[in-house]
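The structure appears below as structure tokens.
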Amino acid sequence: MDVILKQDIQGLGYNNDIVKVKSGYARNYLIPKGMAIAATETNRKVQAENLKQKSFKEEKIRKEAETLAKALDGITVKIGAKAAESGKIFGSVNSIQIAEAIKDQFKYDIDRKKIIVDGDQIKELGTYIAVVGLHKEIKANINFEVFAE
């Protein structure tokens, strides 16, 4: 079944994309929660008209994302954590802490949901790379260093 997404869904697609999903997933989850609508002929025409109107705004957002990606590439965020002498962290470092550190150190406000860390959580001291999805096609790599406090 084809559906038109009404919001970004990780692993499935972005807002206004037409994606093919299993009909049960669409009828029982996506459509009732307002995340998607059925891709009927009428809805496709409405979506095409909306996309024409949004193209100008989308270009502006894309340029802002490119600017932010250039600014983020090459920065190193330092995150302090309590750790044992073996290098293991008490707890873990996740995307929430990375987003807060970027905001504190570099004044860039990034949504924590757009930060993807390998393995989802970091449990040891060291240097890592996180990927930030700023736009459909624009992603920035951020180096972050976890050090012992």
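The values are calculated or read from the model by the stated rules, or taken from the named source; none is laboratory data. The model shown is predicted, which means the values in this text are computed figures rather than measured ones. Don't worry about glycine lacking a Cβ; one is built from the backbone with ideal geometry, like all the others, and counts go over all protein chains shown.
Side notes on the structure shown:
- In the stretch 124-141, the residues that are surrounded by fewer than 17 Cβ atoms within 10 Å (Cβ to Cβ) and of a type outside the set (A, V, I, L, M, F, W, C): Glu124, Gly126, Thr127, Lys136, Glu137, Lys139, Asn141
- Matching residues, the stretch 82-98, being farther than 16 Å from Asn143 by Cβ and surrounded by 14 or more Cβ atoms within 10 Å (Cβ to Cβ): Ala83, Ile89, Ser92, Asn94
- Criterion: farther than 19 Å from Asn15 by Cβ and either touching a helix residue (DSSP H, G or I) at 6+ places or on another chain (Cβ under 7 Å) or modelled with pLDDT under 90 (or both) - qualifying residue of Ala99, Ala148, Ala83, Ala36: Ala99
Conditions (1) touching a Cys at 6+ places or on another chain (Cβ under 8 Å); (2) surrounded by 11 or more Cβ atoms within 10 Å (Cβ to Cβ); (3) of a type outside the set (A, V, I, L, M, F, W, C), marked per residue:
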residue: Gln10; (1), (2), (3): no, no, yes
residue: Asn15; (1), (2), (3): no, yes, yes
residue: Arg27; (1), (2), (3): no, yes, yes
residue: Pro32; (1), (2), (3): no, no, yes
residue: Ala39; (1), (2), (3): no, yes, no
residue: Val46; (1), (2), (3): no, yes, no
residue: Leu72; (1), (2), (3): no, yes, no
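- The selection criterion, being within 20 Å of the chain's Cα centre (by Cα) and either touching a residue at least 12 places away in the same chain (Cβ under 8 Å) or at negative phi (or both), does not hold for Asp2.
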